[in-house]
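One structure is given below, encoded as structure tokens.
The values are calculated or read from the model by the stated rules, or taken from the named source; none is laboratory data. Treat the numbers as computed from the prediction; the structure is a model and nothing was measured. A quick note on method: Cβ atoms are made from the backbone with ideal geometry, for glycine too, and the neighbour counts reach across all protein chains shown. When the accessible area is computed, the model is the full protein with side chains, heavy atoms only, and any ligands, DNA or RNA have been set aside. Shrake-Rupley method; radii C 1.70, N 1.55, O 1.52, S 1.80 Å.
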Amino acid sequence: HSVFPVQISIRYKIPLIIWGAHQGLEQVGMYSHHDNVEMSRRYRKDHDLMGLEAENLISSSDNLTEGDVFQYFYPDDYELNKVGTRGIYLGNFLRWDVKKQHEKMIKYYNYKTCKTNRTIDCYDYVDSFNYMNLHDRIKLYKHGYSKITDQLCREIRFKRIDRNSALNIAKQYEKKKSLYEKNFCEWLNIDENSLNYHLDTFRNKFFWKQIDVTKWKFEGLSYLNKRIATKKKKLKLSYIKNSKIKVNAKYIIYGKGIKDF
């Protein structure tokens, strides 16, 4: 999605591309919250592609050719400058508050929410078996914090919760069990022990200490090991709960993750 609109811009000489949302707006801006996010080759390469380009997939050790991945090539600087292509995001100009926006969708469009196991936020990625479970578990292994911390940081910025209360909430959810991994293993045709073995290889030794072959101790964020004193007048977060996932919902990997719930 970050290449095709740019290729169309070059082909039809359209200098301005306007996207709606951007994943960076909720958390970090472009490099900080004081920056407006703009689509560029550098941003795409550094943040979306982890320093790689489609061209890097072509090598003498595999069967991929330039024709196989050409549709993923970002136009070169000469073409971009010739047309003057720039990409901006509406979120830079409109207040981007996903909690409030979700609640408007609930009010006007009957958006469905769902309680999930590893966060208090019942709006975010509620249509995916994997994102708030296996994906979030891997994030904790690699980075020492999970999605609940991201969401609580957002709520602190919007002054809907104080920092110490947020730390205590993170402590409650950060290491909760990830669900639906059996379904994922059945799809891959592997057993759960194999999955756990591979996931353990991604544990960041800065946050995790290995006690035994399959036993690890989390030594990351200090707030997980102690109760944080909160202010006398606590701010409390509230979320609208209007549905729940059917336990017999069809498990799929691609698409939204959950069908007809």
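Looking at ASN130, is it polar (S, T, N, Q) and surrounded by fewer than 15 Cβ atoms within 10 Å (Cβ to Cβ)? Judged against the criteria, ASN130 is not a match. Within region 75-87, being open to solvent by 40 Å² or more (accessible area, probe 1.4 Å) and either assigned to a helix (DSSP H, G or I) or of a type in the set (A, V, I, L, M, F, W, C) (or both) holds for ASP77, TYR78, GLU79, ASN81, LYS82.
Residues in region 202-249 that are modelled with pLDDT of 85 or more, surrounded by 12 or more Cβ atoms within 10 Å (Cβ to Cβ) and among the hydroxyl-bearing types (Ser, Thr, Tyr): TYR239 only.
Just one of (1) basic (Lys, Arg); (2) assigned to a loop (DSSP other than H, G, I, E, B); (3) without any contact (Cβ under 8 Å) to a residue 60 or more places away in the chain fails for LYS112. It is (3).
Just one of the numbered conditions (1) more than 24 Å from the chain's Cα centre (by Cα); (2) under 25 Å from ASP136 (Cα atoms) is not true of GLY51: (1). Evaluation of ASN189 against the conditions (1) at pLDDT below 65; (2) on the phi > 0 side of the Ramachandran plot shows that the sole unmet condition is (1). Pairs meeting the criteria (first residue in region 1-23 and free of Cβ contacts under 8 Å to residues at least 24 places away in the same chain, second residue of a type in the set (A, V, I, L, M), beta carbons under 8 Å, at least 6 apart or on different chains) are ILE8/ILE14. Does ILE88 qualify as being over 17 Å from the mean Cα position of the chain (by Cα), at pLDDT 85 or above and over 30 Å from PHE158 (Cβ atoms)? Criteria not met by ILE88.
If we keep just the residues of region 118-127 that are of a type in the set (Asp, Glu) and touching a helix residue (DSSP H, G or I) at 6+ places or on another chain (Cβ under 7 Å), which is surrounded by the most Cβ atoms within 10 Å (Cβ to Cβ)? Filtering region 118-127 for residues that are of a type in the set (Asp, Glu) and touching a helix residue (DSSP H, G or I) at 6+ places or on another chain (Cβ under 7 Å), the one surrounded by the most Cβ atoms within 10 Å (Cβ to Cβ) comes out as ASP121.
Within region 37-74, being polar (S, T, N, Q) and assigned to a loop (DSSP other than H, G, I, E, B) holds for SER40, SER59, SER60, SER61, ASN63, THR65. Among residues of region 187-201 that are under 19 Å from LYS142 (Cβ atoms), those with a Cβ under 6 angstrom from a residue that is surrounded by 10 or more Cβ atoms within 10 Å (Cβ to Cβ), sequence gap 6+ or separate chain, pair up as LEU195/CYS185.
Taking region 97-114 as the range and being among the acidic types (Asp, Glu) and closer than 17 Å to ASP127 by Cα as the test, only GLU103 passes. Residues being open to solvent by 70 Å² or more (accessible area, probe 1.4 Å) and either among the aliphatic types (A, V, I, L, M) or in contact with a helix residue (DSSP H, G or I) (Cβ under 9 Å, 6 or more places away or on another chain) (or both): count how many of those fall in region 183-192. Qualifying residue count, region 183-192: 3. Screening ALA166 against (1) of a type outside the set (Phe, Trp, Tyr); (2) without any contact (Cβ under 8 Å) to a residue 24 or more places away in the chain; (3) under 21 Å from ASN242 (Cβ atoms) leaves a single unmet condition, (3).
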